[in-house]
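Undergrad: One structure, pasted below without further comment.
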Amino acid sequence: MRTERDKSGVLQFSFTRTQGDFVLDVDGDFGPGITALFGPSGSGKTTMLNCLAGLFRPDRGEIVLNGRDLYRGSTKTFVPPERRRIGLVFQDGALFPHMSVAGNVRYGWRRTPEGDRRVDVDHVVELLGLGPLMDRSPVSLSGGERQRVAIARALAMSPGLLLLDEPMASLDARLRGVVLSYLRRIHKDLQIPMVYVSHSISEVLALADDALVLSDGRPVASGQPSRVLLDPAVGGIVQDEAIENLLDGTVSAPGGDGAPGGVRVGSVDIVTPPTGRAVDAPVIVALGAEEIILATGRPSGISARNILPGTIAELEPVGNRVYATVDIGVPVLVALTPGAVDELGLVRGQDVYLVFKTSSIKLLDAAPVAPA
Amino acid sequence: MSPDLSIVMLSLRVAAVAMLLALPIGFGLAWILVRKQVRGRFLIEAVVSLPLALPPVVVGYGLLIVLGGRGPFGGLFGDGLVFTAYAASLASAIVAFPLIVRTFVVALDGVDPRLELAARSLGAGPWRVLLTVTVPLAYRGLMAGALIGFVRALSEFGATIVVAGNIPGRTQTLPLGIFTRIQAGDDEAAVRLVVVSIGLAIATLIAHDYLLRRGGLAGRRQRAGFGA
């Protein structure tokens, strides 16, 4: 918990809201990066976003964005949603069906005072690859396209904070990679702080700088995602999900005709199934944490094609698993049994090898590179 | 102006004034019923629907008592509303009101409230959300409600004759004019007005269809999306 230290983030909050039997009681701050709001369904994530956006009114407490009071119970301050400049992306996009894609994207921009327009609509459209869709009706779009339009619509009003409510919940795995890389790109490019609701640990690990874990309406952990999500207090949630590493890369060898593919992730080359993509195409490597074997020495005479050296950065026991974060240039999460950790005598800082088969890898589409 | 034409003009005016009264109030009430958690909702709905279930004559008699010289609102309008065209409008408005509210409720219920919330978060105040999201999305249903209300007001008879009387040139609308001519045995004049009445009904339906077609992007996109 970070409540003891000084709140210094972009957004500071401390509020309570009661809805029937459910009580949301949160306290904390969000930084300028991407913060993941994590927790099982019914833990209060969406209620919290709605309070931040001003769609719900808290019972008491305070919400302060960049030094401006958005809500303060003691002085009865309540800034209505239309004057908060907080972008909100709904689960399924909530696009206006009676407007074109362009009409949707410009809706918030039009209502932004000229002096507050820091984001260029054309730039956002290009960043999210929406150019060819602008004249279409939202009802004719695919799920991934809808989410991109919803994100563009929220960005076009130059929000001081972008809230995303499980933007990938309704997308299939292939599209998740695309939206994920678009979100990374947006954040890098526009520097808008984001709060990202998710119940996928893989997504959170791939995207977020920070994480806040809610359980039953209360924050139970916060901090660096790989630490927080593996926190024993959160263990109950983690055990339910097969964690995947989602690694950004570019195709180095397309493969095919019996030859494997290759993807460069950071400074390492990973042998993958044939990519079906051109060289230099952006791609996301999905690799299950359970699929990786950890060896203390370089194994020989082994059929697995990927043997990558790395260093153990973290070892976190969670339930009946120990999660090792291994730095191979990028952090990779490996699931181990406590028995294996004891037997191998694994410790933090130890040099190890990651071993995994080509067939354990799935390749996901990443967002195409925006034209320069 | 021929007496027939003046009857038609009066009928249109009475119905138009009735709509001026019933549509905004009906919209407001429907919006509250759909979007707000109100206590005594059942009671409100029952009261609103009552004129639908009662014989219009009863509604007219009720109005006569309330607005009449000895009624609680009798002195409110100088010589009183009773036996004026405004009384005819009021009677028509009340009889058409349940049909309008019921159709509006269905229309507004079809608008996803999250779209309104999304518009709020994008910087639109409540009134702008109403004009740019709620009304365009409910357009077809709202048009249908307005049409049904207008047609009902045009054909109002029972309540009107009690509270507004049947004064030629002042309160004698089409249905009353037809009734009077039938009573007088003037079949030719009655049939003339019946034909006018049918023409008016058809014209209203055509106007409604035209307004739906040029419902702008809203109508077109909705048809493209859900009509196919």
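Undergrad: Scan the range A:39-78 for residues that are under 15 Å from A:Asp29 (Cα atoms), touching a residue at least 12 places away in the same chain (Cβ under 8 Å) and open to solvent by 20 Å² or more (accessible area, probe 1.4 Å) and jot them down.
TA: Residues satisfying the conditions are A:Gly61, A:Glu62, A:Asn66.
Undergrad: A:Ala313 passes all but one of (1) farther than 21 Å from A:Val228 by Cα; (2) aliphatic (A, V, I, L, M); (3) surrounded by fewer than 19 Cβ atoms within 10 Å (Cβ to Cβ); which number fails?
TA: Answer for A:Ala313: the failing condition is (1).
Undergrad: On the basis of being buried (at least 19 other Cβ atoms within 10 Å of the Cβ), on the phi < 0 side of the Ramachandran plot and among the small types (Gly, Ala, Ser), does A:Ala94 make the cut? Spell out how you get there, then give the answer.
TA: On the way: buried (at least 19 other Cβ atoms within 10 Å of the Cβ): yes; on the phi < 0 side of the Ramachandran plot: no; among the small types (Gly, Ala, Ser): yes.
No; evaluated as a whole, the condition is false for this residue.
Undergrad: For the structure I just gave you, tell me whether A:Ala169 is assigned by TED's automatic domain parsing to the domain that holds A:Asp92 and open to solvent by less than 10 Å² (accessible area, probe 1.4 Å). Before you say what the answer is, go through the steps one by one.
TA: Details: assigned by TED's automatic domain parsing to the domain that holds A:Asp92: yes; open to solvent by less than 10 Å² (accessible area, probe 1.4 Å): no.
Considered against the rule, which asks whether it is assigned by TED's automatic domain parsing to the domain that holds A:Asp92 and open to solvent by less than 10 Å² (accessible area, probe 1.4 Å), A:Ala169 comes out as no.
Undergrad: Go through the residues of the range A:316-326 one by one and say whether even a single one is open to solvent by 40 Å² or more (accessible area, probe 1.4 Å) and aliphatic (A, V, I, L, M).
TA: As a first pass, look at the range A:316-326 and keep what is open to solvent by 40 Å² or more (accessible area, probe 1.4 Å): A:317, A:319-321.
Right, trim to aliphatic (A, V, I, L, M) and you get none.
Among the residues of the range A:316-326, not one is open to solvent by 40 Å² or more (accessible area, probe 1.4 Å) and aliphatic (A, V, I, L, M), which makes the answer no.
Undergrad: Taking A:Glu145 as the residue in question, decide whether it is closer than 28 Å to A:Ile361 by Cα and either in a loop (DSSP other than H, G, I, E, B) or open to solvent by 10 Å² or more (accessible area, probe 1.4 Å) (or both).
TA: On the way: closer than 28 Å to A:Ile361 by Cα: yes; either in a loop (DSSP other than H, G, I, E, B) or open to solvent by 10 Å² or more (accessible area, probe 1.4 Å) (or both): yes.
Yes.
Undergrad: Follow-up. Take A:Ser100 and decide whether it is more than 27 Å from A:Ala221 (Cβ to Cβ) and open to solvent by less than 40 Å² (accessible area, probe 1.4 Å).
TA: Numbers: more than 27 Å from A:Ala221 (Cβ to Cβ): yes; open to solvent by less than 40 Å² (accessible area, probe 1.4 Å): yes.
Yes: the conditions hold for A:Ser100.
Undergrad: Now, a different point. When the residues of the range A:99-114 are narrowed to those that are among the small types (Gly, Ala, Ser) and closer than 13 Å to A:Leu133 by Cβ, which ends up farthest from the other protein chains (Cβ to nearest Cβ)? Full working, then the answer.
TA: Here is the first cut: in the range A:99-114, the residues among the small types (Gly, Ala, Ser) are A:100, A:102-103, A:108.
Among the residues that remain, those that are also closer than 13 Å to A:Leu133 by Cβ are: A:100, A:102-103.
Working: A:Ser100: 7, A:Ala102: 11, A:Gly103: 7 Å.
So the residue we want is A:Ala102.
Undergrad: Would you tally the residues in the range A:56-78 being among the small types (Gly, Ala, Ser) and on the phi < 0 side of the Ramachandran plot? Explain how you work it out, then say what you get.
TA: The initial filter retains those residues of the range A:56-78 that are among the small types (Gly, Ala, Ser), namely A:61, A:67, A:73-74.
Narrowing further to those that are on the phi < 0 side of the Ramachandran plot: A:73-74.
Number satisfying all stated conditions: 2.
Undergrad: Please enumerate the residues belonging to the range B:20-41 that are assigned to a helix (DSSP H, G or I) and either under 14 Å from B:Ala93 (Cα atoms) or of a type in the set (D, E, K, R) (or both).
TA: Step one: list which residues in the range B:20-41 are assigned to a helix (DSSP H, G or I), which gives B:20-35, B:41.
Within the range B:20-41, B:Leu20, B:Leu21, B:Ala22, B:Leu23, B:Pro24, B:Ile25, B:Gly26, B:Phe27, B:Arg35, B:Arg41 meet the criteria.
Undergrad: Within the range B:81-132, can you find the residues that are within 14 Å of chain A (Cβ to nearest Cβ), of a type in the set (A, V, I, L, M) and surrounded by fewer than 23 Cβ atoms within 10 Å (Cβ to Cβ)? Lay out the reasoning, then the answer.
TA: Going through the range B:81-132, the residues within 14 Å of chain A (Cβ to nearest Cβ) turn out to be B:107, B:110-132.
From what is left, the residues that are of a type in the set (A, V, I, L, M) are B:107, B:111, B:115, B:117-119, B:122, B:124, B:129-131.
Correct list: B:Val111, B:Leu115, B:Leu117, B:Ala124, B:Val129, B:Leu130, B:Leu131.
Undergrad: Could I ask something else about it? Do we have any residue at all in the range A:285-294 that's closer than 30 Å to A:Leu130 by Cα, in contact with a Gly (Cβ under 6 Å, 6 or more places away or on another chain) and modelled with pLDDT of 90 or more? Steps first, answer last, please.
TA: Keep residues of the range A:285-294 that are closer than 30 Å to A:Leu130 by Cα, which gives A:285-287.
Keeping just the survivors that are in contact with a Gly (Cβ under 6 Å, 6 or more places away or on another chain) gives A:285.
Filter once more, so that each one left must be modelled with pLDDT of 90 or more: A:285.
Yes, there is a match, as at least one residue in the range A:285-294 is closer than 30 Å to A:Leu130 by Cα, in contact with a Gly (Cβ under 6 Å, 6 or more places away or on another chain) and modelled with pLDDT of 90 or more.
Undergrad: Which of the residues that make up the range B:170-205 are β-branched (Val, Ile, Thr) and modelled with pLDDT of 90 or more?
TA: Step one: filter the range B:170-205 for residues β-branched (Val, Ile, Thr), giving B:171, B:173, B:178, B:180, B:182, B:191, B:194-196, B:198, B:202, B:204.
Once the filter is applied, which keeps residues that are β-branched (Val, Ile, Thr) and modelled with pLDDT of 90 or more, the range B:170-205 yields B:Thr171, B:Thr173, B:Ile178, B:Thr180, B:Ile182, B:Val191, B:Val194, B:Val195, B:Val196, B:Ile198, B:Ile202.
Undergrad: Tell me, yes or no, whether the range A:172-195 has at least one residue that is within 14 Å of another protein chain (Cβ to nearest Cβ) and either acidic (Asp, Glu) or in a loop (DSSP other than H, G, I, E, B) (or both).
TA: As a first pass, look at the range A:172-195 and keep what is within 14 Å of another protein chain (Cβ to nearest Cβ): A:195.
Then keep just the ones that are either acidic (Asp, Glu) or in a loop (DSSP other than H, G, I, E, B) (or both); that gives none.
No, there is no match, as no residue in the range A:172-195 is within 14 Å of another protein chain (Cβ to nearest Cβ) and either acidic (Asp, Glu) or in a loop (DSSP other than H, G, I, E, B) (or both).
Undergrad: Given the criterion under 13 Å from A:Thr358 (Cβ atoms), at pLDDT below 90 and either surrounded by 17 or more Cβ atoms within 10 Å (Cβ to Cβ) or of a type in the set (Gly, Ala, Ser) (or both), identify the matching residue among A:Gly266, A:Gly276, A:Gly255, A:Gly261.
TA: On the way: A:Gly266 fails: under 13 Å from A:Thr358 (Cβ atoms); A:Gly276 fails: under 13 Å from A:Thr358 (Cβ atoms); A:Gly261 fails: at pLDDT below 90.
Only one candidate passes the filter, namely A:Gly255.
Undergrad: Also: Give A:Ala53, A:Ala102 a once-over and let me know the one that is on the phi < 0 side of the Ramachandran plot and touching an Asp or Glu at 6+ places or on another chain (Cβ under 7 Å). Steps first, please.
TA: Values: A:Ala53 fails: touching an Asp or Glu at 6+ places or on another chain (Cβ under 7 Å).
After applying the criteria, what remains is A:Ala102.
The values are calculated or read from the model by the stated rules, or taken from the named source; none is laboratory data. Just so we're clear, the structure is a prediction, and the values are computed from it rather than from any experiment. Cβ: placed from backbone, ideal geometry, glycine included. Neighbour counts: every protein chain shown. Each accessible area value is taken on the protein alone, full model and side chains, heavy atoms only, with ligands, DNA and RNA left out. Shrake-Rupley method; radii C 1.70, N 1.55, O 1.52, S 1.80 Å.
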